[in-house]
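Asker: Could you have a look at this structure, given as structure tokens, before my questions?
The values are calculated or read from the model by the stated rules, or taken from the named source; none is laboratory data. Source: prediction; values computed, not measured. Heads up, the Cβs are rebuilt from the backbone with ideal geometry, glycines too, and the neighbour counts pull from every protein chain shown.
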Amino acid sequence: MRDLITGLHHVTAMAADPQSNNDFFTRTLGLRRVKKTVNFDAPDVYHLYYGDETGTPGTVMTYFPFPDIAPGKRGAGEVVETAFAVAPGTLGDWAGRLAAQGVDRRRSDERFGAQRLVFAGPDGEALALVEVAGDARAPFAGGPVPAEQGLHGFHGVTARLRDGAATGELLRLMGFRETGTEGAITRYAMAGGNGANVVDLEIVPQAPAAQLGAGSVHHVAFAVPDRAAQAQMRAALVEAGQQVTPPIDRDYFWAIYFRSPGGVLFEVATDEPGFARDETVAELGTALRIPAQHAHLRERIERALPPIRD
Ligand code: ZN
């Protein structure tokens, strides 16, 4: 099944306040909001997407802001850290920028030889910047962060599990290769692909179960080019015993979902049709887009959603 999956597609997490979420990802981190829409299953809740200029798969962090949600508790069975790639030599400037904006800097460390800066998002979620040489993906140049320091997209995610064997086997089926272990972290990576190509498994046998809430990652999506590749991947996953949903139309991609053995919700999403499906590239993320099945509720939805100031 190698070569079907090209890396990560998006990471979706929960937030409390849409305004602080928007400000953090667009101003502090300098990503572009590429879509402002609503949750398919709860259309009175926003679904905000942040990424590069066009929302290229492998760059897209998405959030469901539920204003009354309690904070999540980190634990086993979830993604506990999301990492973005930045150019070598930029972490010093980033540390200054984050400090000036009052961001909770947690630590600087090194993992598999790469320098990292770990900090908290607005809901306490662990985010990291990782210095990666030669990342050809262009950062969004239209935000407040100088382009040479901008985020190139995801480097990868870290999932905390009590046992990594079955998830490792699944990742191998999905085209990842185990590349090394450092302390509690075992790295799975793929060569080439879209650049968002690292999944680190942090094995903590005694970890309490994660509790979903604000700051929790809801799921991680892996990218396939198109629906034919998705169908092939789905067949392989079913053959391997995974319970996989049928393909679901998410307007900007087609998605299949399954619960990985360690408890993390996985998705496989298509690169097509992309975020410019219903807005021009210049307009991406500006107007509230409402999925067709909820279009008749537009007035009610617009009244219920808190406005977001750009
Ligand atoms: Zn998703």
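Asker: Do we have any residue at all in segment 60-67 that's more than 27 Å from His296 (Cα to Cα), buried (at least 20 other Cβ atoms within 10 Å of the Cβ), more than 16 Å from the ligand (Cβ to nearest atom) and among the aliphatic types (A, V, I, L, M)?
Answerer: So far as segment 60-67 goes, no, none of its residues is more than 27 Å from His296 (Cα to Cα), buried (at least 20 other Cβ atoms within 10 Å of the Cβ), more than 16 Å from the ligand (Cβ to nearest atom) and among the aliphatic types (A, V, I, L, M).
Asker: Would segment 273-293 turn up any residue that is part of a strand (DSSP E or B) and either within 30 Å of Leu161 (Cα to Cα) or in contact with a Leu (Cβ under 8 Å, 6 or more places away or on another chain) (or both)?
Answerer: Taking every residue of segment 273-293 in turn, at least one turns out to be part of a strand (DSSP E or B) and either within 30 Å of Leu161 (Cα to Cα) or in contact with a Leu (Cβ under 8 Å, 6 or more places away or on another chain) (or both).
Asker: Also, quick follow-up: Go through segment 261-283 residue by residue and tally those that are away from the ligand (no atom under 13 Å from the Cβ) and touching a helix residue (DSSP H, G or I) at 6+ places or on another chain (Cβ under 6 Å).
Answerer: So the answer is 2.
Asker: Restricting attention to segment 249-260, does a residue exist that is within 16 Å of the ligand (Cβ to nearest atom) and over 18 Å from the mean Cα position of the chain (by Cα)?
Answerer: yes
Asker: Being more than 13 Å from Leu170 (Cβ to Cβ) and either in a helix (DSSP H, G or I) or in contact with a helix residue (DSSP H, G or I) (Cβ under 8 Å, 6 or more places away or on another chain) (or both) is the filter here, so list the residues in segment 232-246 that pass it.
Answerer: Gln232, Arg234, Ala235
Asker: Just give me the residues in segment 4-37 being in a strand (DSSP E or B), of a type in the set (Ser, Thr, Tyr) and more than 15 Å from the chain's Cα centre (by Cα), in sequence order.
Answerer: Passing the criteria: only Thr37.
Asker: Kindly state which strands (runs of 3 or more DSSP E) lie completely within segment 42-155 and contain at least 2 residues that are under 22 Å from Gln19 (Cα atoms).
Answerer: 46-51, 60-65, 78-86, 114-120, 126-131
Asker: Can you tell me which condition Val281 does not meet? The list is (1) closer than 23 Å to Asn194 by Cα; (2) of a type in the set (Val, Ile, Thr); (3) surrounded by 15 or more Cβ atoms within 10 Å (Cβ to Cβ), and all the others hold.
Answerer: Only one criterion is unmet by Val281, namely (3).
Asker: Right, here's the next one. If I ask for residues that are touching a Ser or Thr at 6+ places or on another chain (Cβ under 8 Å) and either under 15 Å from Gly121 (Cα atoms) or hydroxyl-bearing (Ser, Thr, Tyr) (or both), which ones from segment 1-30 would you list?
Answerer: Within segment 1-30, Val11, Thr12, Ala13, Met14 meet the criteria.
Asker: Given the structure, is Thr286 touching a residue at least 12 places away in the same chain (Cβ under 8 Å) and within 12 Å of the ligand (Cβ to nearest atom)?
Answerer: Criteria not met by Thr286.
Asker: Right, something else. Could you check how many residues of segment 1-42 are away from the ligand (no atom under 16 Å from the Cβ) and at pLDDT below 95?
Answerer: Total satisfying the criteria: 3.
Asker: What tally of residues in segment 195-231 results from selecting those that are away from the ligand (no atom under 16 Å from the Cβ) and part of a loop (DSSP other than H, G, I, E, B)?
Answerer: Number of matching residues: 12.
Asker: Follow-up. So, in segment 233-248, how many residues would count as being among the polar types (S, T, N, Q), away from the ligand (no atom under 15 Å from the Cβ) and loosely packed, with under 14 Cβ neighbours inside 10 Å?
Answerer: 1
Asker: Turning to a different aspect of this structure: Scan segment 193-226 residue by residue and report those that are β-branched (Val, Ile, Thr) and closer than 23 Å to Arg137 by Cα.
Answerer: Once the filter is applied, which keeps residues that are β-branched (Val, Ile, Thr) and closer than 23 Å to Arg137 by Cα, segment 193-226 yields Val198, Val199, Val220, Val224.
Asker: Just checking, how many residues over segment 123-147 are under 15 Å from Asp52 (Cβ atoms) and in contact with a Ser or Thr (Cβ under 8 Å, 6 or more places away or on another chain)?
Answerer: Qualifying residue count, segment 123-147: 2.
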